[in-house]
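These notes concern the structure reproduced below.
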Amino acid sequence: MIELSHIAKIYPSADGEVVALEDISLTIPDGAVFGIIGLSGAGKSTLVRCINLLERPTSGRVLIDGEDLTKVKKKRLLEIRRGIGMIFQSFNLFEQRTVEANVRYPLEIARVPREEAKARIAELLELVGLSDKAKAYPSELSGGQKQRVAIARALALNPKYLLCDEATSALDPNTTTSILQLLKKINEELHVTIVVITHEMRVVESICTDVAVIDKSRIAEQGKVEEVFAFPRSGIAKELIIPNLIRSLQSTGGKKLRLVFNGEEADMPIISALAMECGVAVNILYADTKSMDGKTYGHMVISLPAGEKEETVKRFLTQKNVIFKEEI
């Protein structure tokens, strides 16, 4: 388990101190795919680099399976880091090395015997779907293939944890989907705990079980992905998750209701039933649904008719167990 306790990171500069992280506390359970989402400059990349001490926190504790990395000696830190793989947005491959030689690199550092390393490389290239590219060089690969090589290399020493720092930001949507599917497979089949740093909510929705939203160096909110998606509390979470919904709430008109579908009622024909059973015509200002873990979640904003009809709508939604929030 990864535990971050009151982490702060402050950089000195000519204009004074720059606070990159402030009082960050997170617990990332074993087996999770944990997303950390925020806008550019929020501190998320600094945060993930504090987990393996590529960035040493100014204060606070980083515990990996109960051991505080900020207190261990260099030799022990290097041993612990072998259990923490990391992949980056820019792939960070050695251009002069072939695919198999890139994957071999951490095995060489760890002095793994040649035949054992050879078998491990073959196993990993098959896992990431690049067995036929073993002798190719990075310049001969697509962006998605380069990231698959980087993933294979990160898994070379059988890590328990995998840190992904904006790993899909440089990829097109289709390639992003394939890489996310690969990461999900690694989590499920190899039981690797994955930490995903991203500014894209669709990445979190696709594979994450839990999410923390970081804003201006602090954690704004955190929880299960479906809970944060359905009921974002902080302004930054709403901006990241439901920006079009926010704009619809700011449109002119009377009172509005935001309907929340939390995985159970999303397939119900709520609006058509409302029209037929209550004789009420409502205007749909916004609607969106997402599929997460086999369930459908979503939001809808409707404009209410004035007078008694408004209460009729609310009673109907309550009877149908539809969660709604009144917005002005």
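The values are calculated or read from the model by the stated rules, or taken from the named source; none is laboratory data. Just so we're clear, the structure is a prediction, and the values are computed from it rather than from any experiment. Cβ atoms come from the backbone with ideal geometry, glycine included; neighbour counts cover every protein chain shown.
Here are some notes:
- Selection count where residues are crowded, with 20+ Cβ neighbours inside 10 Å and aliphatic (A, V, I, L, M), scope segment 73-93: 4
- For Glu189: the one exception among (1) modelled with pLDDT of 95 or more; (2) assigned to a helix (DSSP H, G or I): (1)
- Residues in segment 216-232 that are in contact (Cβ under 8 Å) with a residue 60 or more places away in the chain, of a type outside the set (Gly, Ala, Ser) and farther than 12 Å from Leu47 by Cβ: Lys216, Gln222, Val225, Glu226, Phe229.
- Only helices (runs of 4 or more DSSP H) whose full extent lies in segment 29-126 are considered here, and none of them has at least 3 residues that are touching a residue at least 60 places away in the same chain (Cβ under 8 Å) and under 15 Å from Arg153 (Cβ atoms).
- Candidates are the residues of segment 184-215 that are touching a strand residue (DSSP E or B) at 6+ places or on another chain (Cβ under 8 Å) and more than 30 Å from Ala156 (Cβ to Cβ); the one that is surrounded by the most Cβ atoms within 10 Å (Cβ to Cβ) is Val213.
- Single residue of Ser142, Ser178, Ser169 found to be within 23 Å of Ser90 (Cβ to Cβ), in the same structural domain as Asp210 (by TED's automatic domain parsing), surrounded by fewer than 19 Cβ atoms within 10 Å (Cβ to Cβ) and in contact (Cβ under 8 Å) with a residue 40 or more places away in the chain: Ser169
- Options Ile214, Ile219: the member that is at pLDDT 85 or above, touching a Gly at 6+ places or on another chain (Cβ under 6 Å) and assigned to a strand (DSSP E or B): Ile214
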